[in-house]
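Just so you know, all these numbers are worked out from the coordinates, no wet-lab data involved. This is a predicted model, so every value here is computed, not measured. Please note: Cβ atoms are built from the backbone with ideal geometry, for glycine as well, and neighbour counts cover all protein chains shown.
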Ligand code: ACO
């Protein structure tokens, strides 16, 4: 139900739309969603077609620049991504300051913001200058976010950093930097590399979700691209947003450990004692097309790898039970992209604490495109929502000695 009311505030009438469920905060040419019909298109292209025929970097280019790249444009873009894999040596010392159990999302957010300090000409907070350098900054960010993510993981497991290998594909290079040993390079199989590429592609943009709106909000004040996307990482971290992919696995593991087939958990969710993570979406009220694609990819990847996962069986049972239950039907709650993404990532060997980091790598093109859209607005206004004040009415100050 839409709860959009016009309430009287002290300063006049203000439209109250809690959580912005029915508020269009901007005009955008990037992504189209029809939540009732389960449609997702980037720049007019159906997500199903992109998932089947395109790669992550090609989709990133499309989302950022608005058109599928020509062969030359694509090579130039990929070349920029490849040339920017290494991190300034000064940045390596940042890792010494973090405690070993620091969450990689905290590291990623801090270091993405710090990255701007090493490229002051790309992060000047002067819109015109930052836009002028955007073609340099965007592939640089797409490249370095991956290296920083891998370094955060290596730090956590107490292993030396691994330098990127330019011969590898984008997803393979990430896995190489995470998992290679000094005398044994990890080169992901075609199946694994393709599955990770698909995961990144399916997360590349999703309209005005919590993190993208955050990026736009920060950018609307004129902040540079690195500061803006770093705020996006922080917004993504929470379990109701990007952190849901971790939460789904934790939930499935707990159900498995309890010897539950999922039915007890479903009942607990209906009594509001638990939340069925990976279910429900603010916009999709029928199905999430990304979840459909990932659900199929999960089965395919597990089959190709000759693996079985009891968690996938529990997930399938939960999905079936929820789809037949009036609690979920009435509230239009269906699996979202996170429901299967965790199982896919787990199957290809990604540790759970890196799931949301991988989501951030995937979502970066969307954040960059939205930053560019805001920065290019000729008459753009700073985003500044109002509120309905519910605190005390005016009162007189009481001196400390008489309180
Ligand atoms: N399990 C059980 N009940 C749920 C769930 C769920 N996952 N999601 C919503 N509900 C119930 C609510 O309790 C509420 O019930 P009520 O009408 O009896 O009070 C009703 O459905 C509406 O829920 P809201 O929380 O108002 O829905 P909202 O649109 O605000 O939230 C959200 C959407 C955050 C995705 C929610 O469905 C949720 O918490 N899902 C689980 C977390 C998750 O998977 N997040 C990932 C989202 S996709 C992404 O970020 C990539």
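For the reader, a short list of remarks on this structure follows.
- A straight line joining the Cα centroids of the range 127-161 and the range 24-52 runs 27 Å.
- Going from the residue with the fewest nearby Cβ atoms within 10 Å to the one with the most, 135, 130 rank 135, 130.
- Ranking of 260, 338, 313 by count of other Cβ atoms within 10 Å, fewest first: 313, 260, 338
- Euclidean distance between Cα centres, the range 287-364 to the range 165-224, Å: 18 Å
- Separation of the residue 7 and residue 114 label points, Cα + 7 Å toward Cβ, nm: 4.1 nm
- Mean ellipticity per residue at 222 nm, deg cm²/dmol - from DSSP H runs of n ≥ 4 across the chain, formula -39500 (n - 2.57): -16500 deg cm²/dmol
- Ranked by the mean number of other Cβ atoms within 10 Å of their residues, highest first, the peptides 165-173, 21-29 come out as 165-173, 21-29.
- Cα gyration tensor, the chain - rounded (a/c under 1.5), prolate or oblate: rounded
- Cα gyration tensor category, rounded, prolate or oblate, for the range 322-389 with a/c compared to 1.5: oblate
- Three-way shape call for the range 265-314 based on the alpha-carbon gyration tensor, with the a/c threshold at 1.5: oblate
- Estimated FRET transfer efficiency when R0 is 45 angstrom, pair residue 167-residue 256 (beta carbons, to 0.05): 0.70
- Evaluated at q = 0.13, 0.14 Å⁻¹, the base-10 log of the normalised Debye intensity for the range 10-137, with identical point scatterers placed on the Cα atoms, takes the values -0.90, -0.99.
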